[in-house]
Amino acid sequence: MIEKRIKDFIHEHHVLTLAVSNNNIPYCANCFYIYSDEDKMLIFTSDKETRHISDTQENKNVAGSIVLETKQVGKIQGIQFNGEIIELQGDILKKSNRKYLKKYPFAILAKTSMWGIKLNYIKMTDNRLGFGKKLIWEQK
């Protein structure tokens, strides 16, 4: 079970940095997201023709981060994650699309697909709990 502090942090933010790699060449992109607690999945939309999505067709393993921008060391918070990207379909697509459009109604104008990152590892740094304090979650 993912610790509440980690889930709360994910829910409080709205942009993730997605890191992909294809043919040993890394690339990253920033995406608006929602989080599905029940599926342990970060969900976002993107066009299949973008580099970050086309790269995942060869390598579905991705990494990324969500951070709080601050210059105050005692308030630094952020997560780094690993997971596997999938294109959403069926019931999970319908459910996720409703939630995503509720949060980002402007997304209805875009001709994109919906993607999920099935999380398997999260490391949260939270300096409010003590300098360099780490909270770790791994899918077993």
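The values are calculated or read from the model by the stated rules, or taken from the named source; none is laboratory data. Everything numeric in this text was worked out from a predicted model, so none of it was measured. Every residue, glycine among them, receives a Cβ derived from its backbone with ideal geometry; neighbour counts consider all protein chains shown.
Mind checking whether some residue in segment 105-121 is farther than 14 Å from L42 by Cβ, at pLDDT 95 or above and under 19 Å from the mean Cα position of the chain (by Cα)? No, segment 105-121 contains no residue that is farther than 14 Å from L42 by Cβ, at pLDDT 95 or above and under 19 Å from the mean Cα position of the chain (by Cα).
Conditions (1) touching a residue at least 60 places away in the same chain (Cβ under 8 Å); (2) charged (D, E, K, R); (3) closer than 21 Å to K140 by Cβ; (4) surrounded by 14 or more Cβ atoms within 10 Å (Cβ to Cβ), marked per residue:
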| site | (1), (2), (3), (4) |
| --- | --- |
| D37 | no, yes, yes, no |
| F44 | yes, no, no, yes |
| D47 | yes, yes, no, no |
| E58 | no, yes, no, no |
| K71 | no, yes, no, no |
| I76 | no, no, no, yes |
| G83 | no, no, yes, yes |
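Residue by residue, here is whether (1) in a strand (DSSP E or B); (2) under 21 Å from K123 (Cβ atoms); (3) under 13 Å from the mean Cα position of the chain (by Cα) holds:
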{"site": "S21", "(1), (2), (3)": "yes, yes, no"}
{"site": "N30", "(1), (2), (3)": "yes, yes, yes"}
{"site": "Y35", "(1), (2), (3)": "yes, yes, yes"}
{"site": "E38", "(1), (2), (3)": "no, no, no"}
{"site": "L42", "(1), (2), (3)": "yes, yes, yes"}
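Could you list, in sequence order, the residues of segment 114-140 that are surrounded by 16 or more Cβ atoms within 10 Å (Cβ to Cβ) and touching a helix residue (DSSP H, G or I) at 6+ places or on another chain (Cβ under 8 Å)? Scanning segment 114-140 gives M114, W115, G116, I122, M124, D126, N127, L135, W137. Among the residues of segment 54-65, some residue qualifies, meaning at least one is over 22 Å from I2 (Cα atoms) and either touching a Lys or Arg at 6+ places or on another chain (Cβ under 8 Å) or in a strand (DSSP E or B) (or both).
Looking at segment 85-107, can you tell me whether even one residue there is aliphatic (A, V, I, L, M), touching a residue at least 40 places away in the same chain (Cβ under 8 Å) and surrounded by fewer than 17 Cβ atoms within 10 Å (Cβ to Cβ)? Yes: segment 85-107 contains one or more residues that are aliphatic (A, V, I, L, M), touching a residue at least 40 places away in the same chain (Cβ under 8 Å) and surrounded by fewer than 17 Cβ atoms within 10 Å (Cβ to Cβ). Does P26 satisfy the criteria of being at pLDDT 95 or above, surrounded by fewer than 19 Cβ atoms within 10 Å (Cβ to Cβ) and farther than 16 Å from K7 by Cα? The answer is yes for P26.
Take the conditions (1) loosely packed, with under 14 Cβ neighbours inside 10 Å; (2) at pLDDT below 95; (3) of a type outside the set (V, I, T); H11 misses just one of them, which is (2).
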